[in-house]
Each structure stands twice: as structure tokens, then as C-alpha cells.
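To start, the structure under review is shown below, and the notes come after it.
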Amino acid sequence: MPRDKTATHEKLVPIVKREFLEYGYEKASVNHIAELAGMSAAGLYRHYRDKEDMFASLVDETLTEYGRLCRTWQSATVRSYEENDPFGMEWTGELLDFVYSHFDGLKLLICCSAGSRYGDFEEQLIMKEEASSKEFAASRQKAGGNPIPMTDEQWHLVATLYVRALTEIIRHDMPRKKAEEHIDFIKEFLYPGMKKLYGL
């Protein structure tokens, strides 16, 4: 439904967000949201189709921006690979800008979405990382490089470790300064192994 710009709807947004952040999608209560907003559940449904629509309204902007950045990062990654420096990570600053501009949306998707249609968001991130890693290894092999042979299970493990390491920023509500230190830690301890994996 088109975004409702009425004063009542604007009042509802932070109440709905707080409910999902505190209880997660499965345990969030439409009746509790209505009570906090001082209206009936029927009144609430004049602003949202259902509980799923409430959650979607909070994360759609984050997902749209994430899709745009994925296309940007893909181009930057290809360029850095071509320069034989795939872990220079031009995207670090842009990644953190995105995270801290959409922190609540990411928190909802990563920590609070179980039971909703977004419940596999983090697994989708892992699958994308796995696919891009395999693609790069294949391109290295084709170009005469010597990446380490990996099973599908091993690729999935590496992708999971990497994505989960990054999403710790969200899970632990890290302030930006700590997140920068966290990414430096990832670079120092994970990237040497990843470089070896790709034969760099």
C-alpha cells in the first residue's frame, strides 16, 4: 500500500519498530502495538494490511539501498581483483556508511526476522558471498592462478565465517569506532587465509 503520511501513521512507525526490535517478528504483538499507540487493532489495520506488512514497511528502504550497493560493490570488487588487491577493501567506508544509516533496518533483518518472509536474510548473504567467491576462484584458475581446491561444504563454511564476522557489528550494537576496529581485526586474521585460498 502507498506509504501513509498522516500524523497518526508517523506516530505509529517508532512504536512498531520498537516492538519488533524488542520482541522479534514471531513474538511481536499487534495488540500490544495498538495498545501502545492508543488505538484498537482494527484501527491499526487501517494503516497496515497485516503484521508482515508492518515489518516490511520497516525494512524495505534498507533492502532497496542494499540492492543498489551490491551492484556498486560488485564493480569495485571486480576492479580490485583485476589490480590483484581484492582485500584493499575500498568499500569499507561505504559499507559502514550504509550500516550506520540503516542500522535499525539491518538489526531487524539479521536479528529479528525469524518467522517472517525475511527470515533467511543472513543465509541469503552467505549464499551470495559463497557464489561470488567461487566465481572469483574460477576466474583465477582460468587466468593461470592456483587457488586451493575446495568442496562446496568448505566454500559454504568460509562464506559463513566471513558474513557472520561482519554481522557481529549489528548483533552487538557496535558503535562505529568499534566497528572500524572490528573490520581491521577481520582483515588481519581472515584475509591472509583468504588470499592463500585464492592463490594470491
| note | Output for Cβ contacts, cut-off 7 Å, separation at least six or different chains, first residue without any contact (Cβ under 8 Å) to a residue 40 or more places away in the chain in region 138-149, second not aliphatic (A, V, I, L, M), reads GLN141/PRO147
| task | Could you tell me which numbered condition ASP50 fails, if it satisfies all but one of (1) at pLDDT 55 or above; (2) in contact with a helix residue (DSSP H, G or I) (Cβ under 7 Å, 6 or more places away or on another chain)? | result | (2)
| field | Residue ranges of helices (runs of 4 or more DSSP H) in region 87-146 with at least 1 members charged (D, E, K, R), within 17 Å of the chain's Cα centre (by Cα) and surrounded by 19 or more Cβ atoms within 10 Å (Cβ to Cβ) | value | 103-111, 121-142
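Give the residue, chosen from PRO149, PRO175, that is within 30 Å of TYR23 (Cβ to Cβ), exposed (fewer than 15 other Cβ atoms within 10 Å of the Cβ) and not assigned by TED's automatic domain parsing to the domain that holds SER29. Let's see the steps before the verdict.
Values: PRO149 fails: within 30 Å of TYR23 (Cβ to Cβ).
Criteria check complete, one pass: PRO175.
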| query | So which residues in region 24-40 are free of Cβ contacts under 8 Å to residues at least 60 places away in the same chain, surrounded by 13 or more Cβ atoms within 10 Å (Cβ to Cβ) and outside any loop (DSSP other than H, G, I, E, B)? | reply | LYS27, VAL30, HIS32, ILE33, ALA34, GLU35, LEU36, ALA37
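The values are calculated or read from the model by the stated rules, or taken from the named source; none is laboratory data. Bear in mind the structure is a predicted one, so any value in this text is a computation, not a measurement. Glycine also receives a Cβ, built like all others from the backbone with ideal geometry; neighbour counts cover every protein chain displayed.
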